[in-house]
Amino acid sequence: MLSDDQITANLEDVRARVAHAAAAADREPDEITLLLATKTMPADRVAAAIRAGARVIGENKVQELAEKDGLLADLPCERHFIGHLQTNKVNQVLRYVSCVQSVDRIELADRMQHRLETLDRTVDVLIQVNVSGEDSKSGVSPTDAPDIAREIARRDRLRITGLMTIGLRSDDPEAIRPGYRSLRTTAERIADDDLDGVGMTVLSMGMSADLHVAIAEGATMVRVGSGVFGARPQAH
Ligand SMILES: *Cc1c(COP(=O)(O)O)cnc(C)c1O
């Protein structure tokens, strides 16, 4: 595990990379939100990142949200869900997060709507799009995304604020780029439909290794884990 000082230094370093990538793309760094992907990291390491200035974190597992809640609930930080969400975990996840980035099917949207009616609240959602077409990845196809957005928009407790994708698994940034571009053009197509209750302001794409490519292609949120917390244990 990294020390507080190492986490602070890494966070500075990632912020500098974001600023550099933004400048190279003629964009302002504050157009880009940094989300820390905290899977496998203990709550005290996440708390160290929040003390160092992190304001948005993303968890992949309900169990980790629950385990870390005691330490993190009162800290000045938004929590998002960024992992595959099983329908039977919806109630638990909604206890902790203000945004679910991984909405990828109507059945899931229905369960969320139902629970949110009971709670009398709303939640922000991103539609997860599988831009690379890899079988291992969740997400709707770019082709189906506009119809699914239209359908999910009918659930009034879900506020669609944009799209999320996990890029192609590759060491070559140029191989990853077309997928990120496809997420942006998909968002533009959905925005053109001008649906009630749908904003397309958030493009959540890019991770530690490829955030510069994502920012060049229009990312408004990058999700960084190992770049701040160091390498994760292999088994995960
Ligand atoms: C782990 C994870 C990230 C961050 O990956 P790093 O390579 O550690 O930066 C981003 N998005 C999702 C959905 C993740 O699961």
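Every read-out reported here was derived from the displayed coordinates using simple, explicitly stated rules and does not represent laboratory data. What you see is a predicted model, and the numbers here were worked out from it, not measured in a lab. All Cβ positions, even for glycine, are placed from backbone atoms using ideal geometry, and neighbour counts span all protein chains on display.
Quick notes
- Count of residues meeting criterion [surrounded by fewer than 19 Cβ atoms within 10 Å (Cβ to Cβ), of a type in the set (A, V, I, L, M) and touching a residue at least 24 places away in the same chain (Cβ under 8 Å)] in region 15-31: 2
- Contact annotation: residue pairs with Cβ atoms under 6 Å, 6 or more positions apart or on different chains, pairing a residue in region 32-44 that is more than 23 Å from Gly162 (Cα to Cα) with a partner that is more than 9 Å from the ligand (Cβ to nearest atom) and of a type in the set (D, E, K, R), are Ala43/Lys68.
- The criterion of at least 2 residues that are away from the ligand (no atom under 14 Å from the Cβ) and within 24 Å of Glu31 (Cβ to Cβ) is met, among strands (runs of 3 or more DSSP E) falling completely within region 122-236, by 123-128, 158-164, 198-204.
- Scan region 142-177 for residues that are in contact with a Gly (Cβ under 8 Å, 6 or more places away or on another chain) and surrounded by fewer than 13 Cβ atoms within 10 Å (Cβ to Cβ) and the total you get is 1.
- Taking residues in region 68-83 that are in contact (Cβ under 8 Å) with a residue 12 or more places away in the chain, and partners anywhere that are part of a loop (DSSP other than H, G, I, E, B) and within 15 Å of the ligand (Cβ to nearest atom), the pairs with Cβ atoms closer than 6 Å and at least 6 places apart or on different chains are Arg79/Val97; His80/Val97; Phe81/Val97; Ile82/Asn60; Gly83/Asn60; Gly83/Lys61.
- Selection of region 2-32 for residues being within 15 Å of the ligand (Cβ to nearest atom) and touching a Lys or Arg at 6+ places or on another chain (Cβ under 8 Å) yields Leu2, Ile7.
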